[in-house]
Structure formats: structure tokens, C-alpha cells
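Nothing in this text is a laboratory measurement; each read-out follows from the coordinates by a stated rule. None of these values were measured; they are calculated from a predicted model. In this analysis, Cβ positions are derived from the backbone assuming ideal geometry, glycine residues included, and neighbour counts consider all displayed protein chains.
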Amino acid sequence: MGHPSGRAAFNADEMRMMRLHRISSRSDLFPRLVAMQKLVDAQHFAIYRVTGSGLPGRQRLVCEFDNWGTSNASINKAFADAYGETLIEHIDKSMLPLVWNGSSEDHSVETFDISPFVVRLKGNVVPFSGIAFPVRLGAVGNGYVLLMADQLDLTSDTVVELHGRSCHVMVDLLSLDERRVAAAESLSDREIACLQLAGDGRISEEIADKLGLSVHTVNAYLGSATIKLDSVNRIQAIAKAIRLGYIS
């Protein structure tokens with residue numbers, strides 16, 4: 001069997017080639033992740049990113065995308081609480097996938113011939129079994145693609161295939177973030193100022209009074225900033241501006 005982690009890293013030329021086939025939004029990732037699910041009869045997927053890279057004690061595992069649904073949002077937090085530190089440590093040392101058994105006797109991951117090529121985490125911690133594929137693309141692109149089910153029966157070919165697909169998914173997610181950063185860098189000082197005040201809870205009339213502008217002009221600045229940040233509304237634009245570090 002080939003080493004599963006051989007598909008986990010890309011050189012610069014491969015990265016550039018993959019970015020030629022850009023996706024336009026995160027929703028474009030959904031059918032690809034569902035197809036990955038079907039390869040192993042998994043019920044759910046999730047993408048986690050390692051944030052705070054290079055800052056000792058500040059690294060966290062944050063869920064970027066999943067199909068658990070809003071009613072099960074707490075499941076992602078439970079997973080991060082249970083395995084977050086272990087996954088953060090692992091990605092700095094190894095590209096081997098990690099597997100774990102769920103909290104029920106019926107929740108298990110069968111690895112058979114690939115046992116030497118995966119790392120098994122302590123089981124009976126979270127209410128589902130799963131496999132996490134590590135992807136290391138640099139400080140802002142490190143993370144995991146997870147597939148979860150009651151039971152998983154894994155083969156060497158499937159693990160290699162899914163690890164490669166996980167890398168492609170993470171590359172595309174990173175390219176989307178880079179485009180958002182480029183958009184944010186084109187924000188004018190006035191747009192940033194209006195976003196900051198809106199983020200502080202000020203309404204348009206208060207922002208206009210504070211900056212000495214008309215309400216129409218304030219709304220125009222907020223509208224253009226929302227478009228540049230590829231957001232659907234003002235609230236999302238504020239959240240993205242905060243995440244990108246342009247307002248606090």
C-alpha cells in the first residue's frame with residue numbers, strides 16, 4: 001500500500017494549477033464533500049482550520065464548514081473540545097490521518113490493512129466515529145477534513161483517494177480566503193470607518209453625524225464595502241472585516 005500521507009502536500013506548481021480552477025463560493029464545496037461522504041457511506045463532514053498559527057498557546061481548532069445543521073452545532077464544539085489540542089499537535093508532526101471510535105459499542109472505524117498508516121485516537125469520547133485528514137498548506141491553510149458516521153470501513157485505496165480530495169478542498173477554501181483578503185485590501189478609509197462604527201452598533205444616522213457625512217453617503221460606503229467583502233448584508237460584511245483584521 002502507498003503511504004496515505006503522500007497526497008497530503010503539494011508543491012508550488014501543483015498549487016498554482018489547482019487555483020486555475022477556482023470556485024466562486026463555499027457552496028461549491030458542498031457537492032464535492034458529499035461525494036467524499038458517499039465513498040465511505042459517511043453521514044456527515046466538517047472542515048476545521050487551525051487558527052493562531054505561530055502564536056504559542058493561541059492556536060485553536062475552528063470549524064469552517066459542515067453539514068451537521070444548526071440543531072447540532074454543539075457537536076462541532078464537542079469535537080474541538082475533545083480532540084482539538086491533539087489535532088493541533090498532530091498536524092505539526094505528521095500527515096497521517098486520524099481515526100476514532102464513537103461513544104457507543106456500535107460506533108467504530110475498521111482499518112484492517114491500513115492500521116500502520118493511521119493514528120487512532122482515544123475512543124468513546126464523542127457520539128460518532130470518524131476519520132480526519134490533515135492538510136498542511138502553510139500557516140493560514142493548515143487544517144482537517146473530517147468524515148463521520150456510526151461505522152466506517154476503510155480501505156487503503158479509499159483513504160489515499162479521500163486524502164487527496166481533502167487537499168484539493170482545502171486549497172480551494174484557502175483561495176477563497178485570499179480573494180476576500182484582496183477585496184478587503186481595496187476598502188477605502190471611509191468604508192473601513194463606516195464599517196467600524198456600524199460594528200460598534202451605530203446606525204447610519206449616527207455614523208453620518210460622527211463622520212460629517214450624509215446618511216445617503218454612509219449607506220453608499222457600507223453598500224460598496226459589503227460588495228467588496230463578498231457579503232450578503234451589512235452584518236456579514238462587519239463579521240468578515242473583523243475576521244480579516246480591518247476593524248475590531
Item to check | Whole-Hz ³J(HN,Hα) from phi, Karplus 6.51 cos²θ - 1.76 cosθ + 1.60, for region 93-108, glycine and proline x | outcome: 10, 8, 9, 6, x, 10, 10, 8, 8, x, 7, 9, 4, 7, 9, 8
Next on the checklist: Straight-line reach only, C-alpha to C-alpha below 22 angstrom: list the lysines that K93 could link to, leaving out same-chain residues fewer than 8 apart.
Outcome noted: K122
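Within 11 Å, Cβ to Cβ, of L152, how many net charges do the neighbouring residues add up to if Lys/Arg are +1 and Asp/Glu are -1? Could the numbers behind the result be given before it?
Details: positive: none; negative: D41, E110, D150, D153.
That sum, taken over residues with Cβ under 11 Å, equals -4.
Can you tell me which of 165-175, 82-92 comes out highest on packing, and rank the rest after it, using the mean Cβ neighbours within 10 Å? Let's see the in-between values first.
Numbers: 165-175: 21.2, 82-92: 17.2.
Sorting 165-175, 82-92 by mean packing, highest first, produces 165-175, 82-92.
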Checklist entry - For Q151, which sequence-distant residues (separation of 5 or more, or a different chain) have an amide H within less than 5 Å of its own amide H, given hydrogens modelled in the peptide plane? => result S108
